[in-house]
Each structure stands twice: as C-alpha cells, then as structure tokens.
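The values are calculated or read from the model by the stated rules, or taken from the named source; none is laboratory data. As the structure is a prediction and not an experimental result, all values here were calculated from the model. Note that we place each Cβ from the backbone using ideal geometry, even for glycine, and neighbour counts take in every protein chain shown. Areas reflect the complete protein model, heavy atoms only, side chains present, ligands, DNA and RNA absent. Shrake-Rupley method; radii C 1.70, N 1.55, O 1.52, S 1.80 Å.
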Amino acid sequence: DLAVQARDVLRTSILLVDDQPADLQALERHLRSVPVHLVMAASGEEVLERLDEEDFALVLMDVRMPGLSGVETARRLRSQAALRPLPVIFLTGAPQEEESIAQGYELGGVDWLRKPVDPRILRAKVSVFVELHREREALRQQQLALRERAREVLEAKRERAEVKRQQAEAERERLVVELREAVRLRDEFLSVASHELRTPLTPLALRLQLLRQECSRPEVDTQRVLGHVESAHAQVRRMTALMDSLLDATRITSGRLTLRREDDVNLAAIVRDVVSSFETQAARAHCPLELELPARVLGQWDALRLEQIVTNLLSNALKFGAGHGVTLRLEEQGDWARLSVRDEGIGMDAAMRARLFGRFERGVSERHYGGLGLGLFITHQVVQALGGRVHVESTPGQGSVFTVELPRQLPPGGSPNEA
C-alpha cells in the first residue's frame, strides 16, 4: 500500500534553545501535552552538535544568547541544512528586537514569540509545524515507496519478453509521473501553507503596535482601542481557522475523523446561522445572499460538521462569485435532505471538476484567491462519513452549483468513524 500516512511517522522532535534554565523548563512544561520528543540545548554551539544527531521538525530559540546568538545560530543552521530548511521560531524578552527579528526571517525564521510566552499560542503554533513536518515525512516515505515499487516493477518486466519490457517501461513512466505530481502537490501545498499562515501575522503585529501606542497616550480613546482589539481578534480567528483545516486534513488522512450524531438536528437553522455570520463578508464582496429553505429540516447528524460543510461551501461561493448573488436552497426529499449553493462566478471546466474535491487542489492560482485548498476536500470527506454525497455542476464563466445530499437517519450498522 503506497498510502503512507502521517501517523506512521514514529517520532517528531522539537529543539528548545535558551541559555536560561528557567525559561527552558517553562517551555518544556508548556509543551508537555504536545505529542513530541523535546530536546533541550543551552547554547548555539550545542544546537549545531544536536543537528548532526537528530532530525528536528522545529527549533524554538532565544534571540539573545552568549557566544553564538540566536540569529547567528540560525545563519549556520541554514548553511548546514540547505537541502532541508529547518523552521525556527525566535523567542525574545527584549522590548525592541525588530532588527534582529527581521534578520531572523531572512535566515529561516518563520515566526517569533515574546517572553513570557502564552502557553496556548505556543502550543497552537508548535502543533501546526509538527503536523506539517509529519505530513512532509509521510510524503517523503511515499516517494521512497513509489521509487522502490518502480524499481521492482522494472526488474520483473526485464525478465520477460521484449514486449513485456515495453509494458514495464510504460508502467515506470506512469509511476514517475505519479511521483512528480505528488512532489509538485507537496511543494505547492507547503509553499501556500507557509504563506497563508504568515499572512495574518503582519496585520496582527501592526494592530498590536497601534494598540500599544494608543495605550501610552495620556487619554485613551476607548473606541479606537476596541477597534484595534477586534481587528487583532479577527486575524487570530483566521489563523485558528487555518490551523483547524490543517488538523482536519491530517485527521482524515490518518483515519481519525470522528462524528458525534445527535437526534433532531435542524439543518435549516444551521444554514441560517452560518449565513448570518457571513453577512459582513458577503457585503464586502458585493454578493447578495438569497435563502430558499423551510423552517425545519431534521436529521440524525453531527451539528458541528454540518456547520463546517455549509461554511466551506458558502465561503467558496463568496470567494469565486464576488460581485454576484449567491443562493442557498434546502429541501427535503423523502429520507434525504438536499442543500445546494449556487454562485454566478467564474465557473470551471470538466477537467477541474474531475479533481476539485482532491486534497490540496484549487480551481485557480492561490495568488488571486488564497486558501489552503483543503475546504472542498474536507467537505467531501465529511459528507461521505455522514453517508451522503456531494457533486458540482459548473460552466466556465457561468458560475457553479454545489449540491450536498444527506440521509436524515443513521444508515443500518452505523459508520466506522462514529465517536
């Protein structure tokens, strides 16, 4: 089986670097609940030694250390690990470290945290890079398995007649194409994920800087402060949503997606709540929202997963149908519920529709529309886990209609993914 899963990666190591024992102990304590192997170092010189002994998913490193500073250590790490860059999150307790942090970003730094660190933020950021590392390692193992299989197929075919050797060559070429596509998807996803995870950090840092300036004034403008706080909170919500998508994709891949079914879940109410939460975004996108649904459509469903399905489909419609209306229609069809989300956006051709629900796939360039390419993949997997089906009808330039059909009752025998 070539489907090597991220959960098969046996151990993931994180390197903690600080010359202050108390700070090292605090980091170790905060990360104790994260399923990783923690390795501690007290200097930049020790980091370079550890690098030869073990493969690390992430380095958490203090900027100011005697001897080799955090920035200089990152410089040497980059030169030693040129083929497999090692992400670094810098830690600083100094009030003004902008220049050092800017240098750190140029040398492989992916983020920074101010001491004393918030344990929840620390665990959230570490979890994301741990999952990315495990995903990368799983893909690497898959590549090795594909290469080995290609070699075995070629050797077996060489022992047969000339015609059978030609068949082996064709099989090898197919595997090479498959391998190249897997590598392309991996590299594209890691690049997009890195960009998307960094995107909220710049406006968040700006809002925090403005908030600090506002609080230092003799007379604090409460409304302005609240505005900065709300803007910062919006970026935190965006970061959280990105992390949730990554974690959901990993759970699906490793077979750990769970459902919690409840009786008499009202899908119509869920659709209304989701649409209400998107009113501001829809207004900004100039997308009038139209609802066609009864008061109640009840079923035996997981309410949170239904909300996730509606959110992903509506978000997708607003993204690709900006400037046009979006219609959500819900109806009962016997023992089934049928939800359709129609936009009048850019649409897609048959080739795109065929691979639309694949992992990391996207209809257009992420430069224009952003996102991780996981929303429709997660939607498809969740709908299938609920015993339903999802499909799309679309024509280039004429918009798209996504339709989800769900059984209202749990199928006989239940689902293997039920919690």
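Tabulated data for the structure shown
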read-out	value
Count of the range 254-309 residues which are open to solvent by less than 40 Å² (accessible area, probe 1.4 Å) and free of Cβ contacts under 8 Å to residues at least 12 places away in the same chain	0
Selection count where residues are without any contact (Cβ under 8 Å) to a residue 24 or more places away in the chain and of a type in the set (A, V, I, L, M), scope the range 19-44	2
Test: ARG136 is free of Cβ contacts under 8 Å to residues at least 60 places away in the same chain, surrounded by 14 or more Cβ atoms within 10 Å (Cβ to Cβ) and either of a type in the set (D, E, K, R) or more than 24 Å from LEU208 (Cα to Cα) (or both)	yes
Residue among ARG198, ARG184, ARG207, ARG224 that alone is among the charged types (D, E, K, R), open to solvent by 40 Å² or more (accessible area, probe 1.4 Å), in contact with a Leu (Cβ under 9 Å, 6 or more places away or on another chain) and modelled with pLDDT under 80	ARG224
Those residues of the range 333-343 which are surrounded by fewer than 18 Cβ atoms within 10 Å (Cβ to Cβ) and modelled with pLDDT under 95, in sequence order	GLN333, GLY334, ASP335
Pair list, Cβ under 6 Å, 6 or more apart: the range 336-361 residue at positive phi, other residue modelled with pLDDT of 85 or more	GLY347/SER394; GLY347/THR395; GLY347/PRO396; GLY347/GLY397; GLY347/GLN398; GLY347/GLY399; GLY347/SER400
Qualifying positions in the range 25-63 - at pLDDT 85 or above and assigned to a loop (DSSP other than H, G, I, E, B)	LEU31, ARG32, SER33, VAL34, PRO35, VAL36, ALA42, SER43, PHE56, ALA57, VAL63
Pick from the range 43-57, criterion crowded, with 23+ Cβ neighbours inside 10 Å and among the aliphatic types (A, V, I, L, M), ranking: nearest to LEU24 (Cα to Cα)	VAL47
Residue in the range 305-312 that is among the charged types (D, E, K, R) and more than 22 Å from the chain's Cα centre (by Cα) present	no
Meets criteria (within 22 Å of the chain's Cα centre (by Cα) and either modelled with pLDDT of 90 or more or open to solvent by less than 50 Å² (accessible area, probe 1.4 Å) (or both)) for LEU68	no
Odd one out for THR73, checked against (1) in contact (Cβ under 8 Å) with a residue 60 or more places away in the chain; (2) in a helix (DSSP H, G or I); (3) buried (at least 19 other Cβ atoms within 10 Å of the Cβ)	(1)
The range 224-236 residues that are under 12 Å from ALA205 (Cβ atoms), paired with ones that are assigned to a helix (DSSP H, G or I) and modelled with pLDDT under 70 (beta carbon under 6 Å, 6 or more apart)	ALA232/LEU204; GLN235/PRO203; GLN235/LEU204
Residue in the range 324-332 that is in contact (Cβ under 8 Å) with a residue 60 or more places away in the chain and open to solvent by less than 30 Å² (accessible area, probe 1.4 Å) present	yes
All positions within the range 139-166 that are open to solvent by 90 Å² or more (accessible area, probe 1.4 Å) and over 30 Å from VAL36 (Cβ atoms)	ARG149, ARG151, GLU152, ARG158, GLU159, ARG160, GLU162, VAL163, ARG165, GLN166
Set ARG329, ARG272, ARG260: member being of a type in the set (D, E, K, R), at pLDDT 85 or above and in contact with an Asp or Glu (Cβ under 8 Å, 6 or more places away or on another chain)	ARG329
Of residues in the range 363-417 being of a type in the set (D, E, K, R) and either buried (at least 21 other Cβ atoms within 10 Å of the Cβ) or at pLDDT 90 or above (or both), the one farthest from GLY345 (Cα to Cα)	ARG408
Criterion violated by PHE320 - all others in (1) at pLDDT below 90; (2) over 24 Å from the mean Cα position of the chain (by Cα) satisfied	(2)
